[in-house]
Each structure stands twice: as structure tokens, then as C-alpha cells.
Amino acid sequence: MLPKERILAAIKRKETDRVPFTDNPWETTIRRWRKEGLPPRKCAADYFEFETAQFGPDTSFMLRRKTLEETDEYEIFTDNCGATLKNWKNSTSTPELIDFYLTTRERWEELKHHLVFKKNRIKWRTDKPNLEKAKKQGKFILFGAGIGYDRFSTIIGPMTLLPALLMEPDWVIEIWERHTNLVLECAEEMFGMGYDFDGAFVFDDLGYKNGPFFSTDVYRQLLQPFHKRICGFFHQRRCPVILHSCGNVKAHIPALIESGFDCLQPLEVKAGMDVCELKKEYGDVLAFMGGIDVRKMAHPDPAVIEEEIRSKITFAKKGGGYIYHSDHSVPDDVSFERFKFIRELVLKYGQ
């Protein structure tokens, strides 16, 4: 069975020969694995035979990136959307949000003309060889993009965006509409150029440890129309849509199903997302990807991660509807040998 067939069947909640296997190690994790045996000319995705490959456009404001401060440990910079971020070089971390330029409607008016389609938003020259390679390997080819709340919380800042949902909803709608138009224009162009996507993987973090960032009523009123547009666009092309949303988003799941999402990822355990619980409640209408606790991956006793995988995969695989993935990204405390062991466990219990 080809990986693309296995992934598609899982998303459609059909049983296959085994649970599909894919993951996302941090760059610092890959650097560690190089020292521990990952061949120098072999990428981790090929070595571990991840079954998906993702390609996406640049949907930023395309501003000039500027380094403000740099040391051996970190870099502080303004990104292509005008936000000031701090990125640590030698540890697993998402960038620290320091400051934002786009914090008022006046500055939105100044910058919004940057969110228009241009050919150079698509990296065809560099993507093409990787795309052809992924096709030959039979991988499930995904369109990838950040959308909605998640995309703009790192551009405007959550301290501006969250109050605006209630105080200036018309502004937020205008932002999301313009950006959604850009995402879909890029996707349309990429289909026409020969990307041949099998599905879409969209990023929109909607929650934190204790629950959603905003109520489901606000979600339905403001954000859901754009999620529906994106799902509808890809469904017309027979492509299922996977939503990546960190945090505890259990309260939103019925509304996310209404929006048209076919699969939910990554199911963060430390935020209370339990794949077995979710499968029991929504497994007849929604597929799941992830839910394997990264905190247990590097435990000194390998029996801990074995029990994590055995207990969850043997339940989640029943009737289809499950794809293996960590509950976020593989951190750099996980050794090369341990991740090889994890792959063996997934293949063993995922049959």
C-alpha cells in the first residue's frame, strides 16, 4: 500500500494494513541525530520513511527581515511581517514574541496592500525536485499554510488581537478575509503549476493549556466562515483538510467539524487532549493525528514510551481514523536510537 493511499484511508476513517507514520523533529533534534548516526546525506523524513510531504507559499507581508541582535545563543530580529522575535539557536523552542508593528488600524491600512498574490510567493524552483521525489516515494502531498487567529496572533500580537475580536470585529474580519483570499489564490496557482496536492494541512492554534483562547460563539461568528471557505476550496478538489491546533480545543471540536475539517492534529497531552477519549466521542466523523506524549519519549525506561504507544494506538487504530504523530514535535532530548525504537513500536502496535 502506498503512503498516500494509507494516509487517505486513515483520514476517511477506514482500516488499512497499518497506522500511517509521520512526525516533525525540531531542527536541534536533527542536529543531535546527525551526531548519533543519522547519515549526513539523508534527511530524517526519508530515513524514518515519514509518509507525508508538505509544500506551501509565502503568505507574509514580505517585508525585509532585519537582525537587531545576535549572539552564539540567540538572534533577535524583525520578521517579514514586522514583528520582533527572539529565536534560540541551541535549544528546542518556538520564537519568543517581543514586539509588533501592526497594532492599529492605521498601520493595517499602511501595510494591507502587501497581502496580494505575486508569483514569487511560490518557491517552484526549489520545491520542484523535492515534489518530484515525494511523488516517486508515494507520499501524501500536503498544501501547508498558517491561517486565521494563529497567523495573526504572531503578527499583531495576542494582546491586540484578542480584545479586537470583541471591540473591533469588523477589522479582524477584514484582516482574515484578505489573508484567506491570498492563501486560496496561492493554492489555486500551485494546483495549476503541478503540485498535485492530496490534502491540506493548515495551522491555526486556537487554544492553550486550559482551553480555547476565545469562546466557541466568537469562533462561529468571526473565524468559522473563513475556515469553511478553506475547507470548501480543498474539498472541491477532493482534498481532505487537516487542522493543526495546539492547546486544549475540545470545546471547539463540534464547530470545527461543522467547518469541514477532516482531521485534528496534534492533540497535546499536556493540555488535556486524549486521543482515546476524542476517538470515543468523535471518531465517527473526525480523524485524529498525534496524541503521543513527547515527555515520555525520552524517559530513561523505554517501557514508558512503549506503554504510551501500545495503549493509545491499539485503541485509536480501530476502524481507521488515526495517523501516528507526536503530540507536537519531537524534542531534542529524544535520541536517534530512541526514535528508531519509537518507529518500531508504531509499526508493531499499528498493524
Considering only residues that are under 15 Å from residue 183 (Cα atoms) and of a type in the set (Phe, Trp, Tyr), which ones fall in the stretch 34-63?
55, 61
Conditions (1) crowded, with 16+ Cβ neighbours inside 10 Å; (2) among the aliphatic types (A, V, I, L, M); (3) in a helix (DSSP H, G or I) -> residue 347 fails only (1)
Any idea which of (1) over 23 Å from residue 242 (Cβ atoms); (2) at pLDDT 95 or above is the one residue 40 doesn't satisfy?
(2)
Flagged in the stretch 188-219 as in a helix (DSSP H, G or I) and touching a Gly at 6+ places or on another chain (Cβ under 9 Å), in numbering order, are 190
Being on the phi > 0 side of the Ramachandran plot, of a type in the set (Gly, Ala, Ser) and surrounded by fewer than 19 Cβ atoms within 10 Å (Cβ to Cβ) is the requirement here; does residue 148 meet it?
no
Restricting attention to the stretch 99-128, the residues that are crowded, with 16+ Cβ neighbours inside 10 Å and polar (S, T, N, Q) number exactly 1
What residue, among those in the stretch 326-339 that are in contact (Cβ under 8 Å) with a residue 60 or more places away in the chain and not in a loop (DSSP other than H, G, I, E, B), is nearest to the chain's Cα centre (by Cα)?
326
One residue from 182, 161, 166, 131 being farther than 30 Å from residue 43 by Cβ, out of contact with any Lys or Arg (no Cβ under 7 Å at 6 or more places or on another chain) and surrounded by 15 or more Cβ atoms within 10 Å (Cβ to Cβ)
161
Quick check on my filter: what residues within the stretch 124-164 are out of contact with any helix residue (DSSP H, G or I) (no Cβ under 8 Å at 6 or more places or on another chain) and over 28 Å from residue 85 (Cα atoms)?
125, 128, 129, 130, 131, 132, 133, 134, 135, 136
Going by the structure shown, is residue 70 under 30 Å from residue 100 (Cβ atoms) and of a type in the set (Asp, Glu)?
yes
The stretch 275-285, residues that are free of Cβ contacts under 8 Å to residues at least 40 places away in the same chain and surrounded by 16 or more Cβ atoms within 10 Å (Cβ to Cβ)
278, 282
All positions within the stretch 91-127 that are under 21 Å from residue 188 (Cβ atoms) and of a type outside the set (A, V, I, L, M, F, W, C)
112, 113, 114, 118, 119, 120, 121, 123, 125, 126, 127
Residue count, the stretch 84-98 (criterion: loosely packed, with under 14 Cβ neighbours inside 10 Å and either in contact (Cβ under 8 Å) with a residue 12 or more places away in the chain or under 15 Å from residue 60 (Cα atoms) (or both)):
3
So, of the residues in the stretch 223-252 that are surrounded by fewer than 20 Cβ atoms within 10 Å (Cβ to Cβ) and either free of Cβ contacts under 8 Å to residues at least 12 places away in the same chain or aliphatic (A, V, I, L, M) (or both), which turns out to be nearest to residue 330 (Cα to Cα)?
251
Quick check on residue 338: is it out of contact with any Gly (no Cβ under 9 Å at 6 or more places or on another chain), within 18 Å of residue 25 (Cα to Cα), surrounded by fewer than 21 Cβ atoms within 10 Å (Cβ to Cβ) and assigned by TED's automatic domain parsing to the domain that holds residue 15?
yes
Among (1) farther than 15 Å from residue 269 by Cα; (2) crowded, with 16+ Cβ neighbours inside 10 Å; (3) among the acidic types (Asp, Glu), residue 327 falls short only on (1)
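The values are calculated or read from the model by the stated rules, or taken from the named source; none is laboratory data. Just so it is clear, the structure is predicted and the values come from calculations on it, not from any experiment. Please note: Cβ atoms are built from the backbone with ideal geometry, for glycine as well, and neighbour counts cover all protein chains shown.
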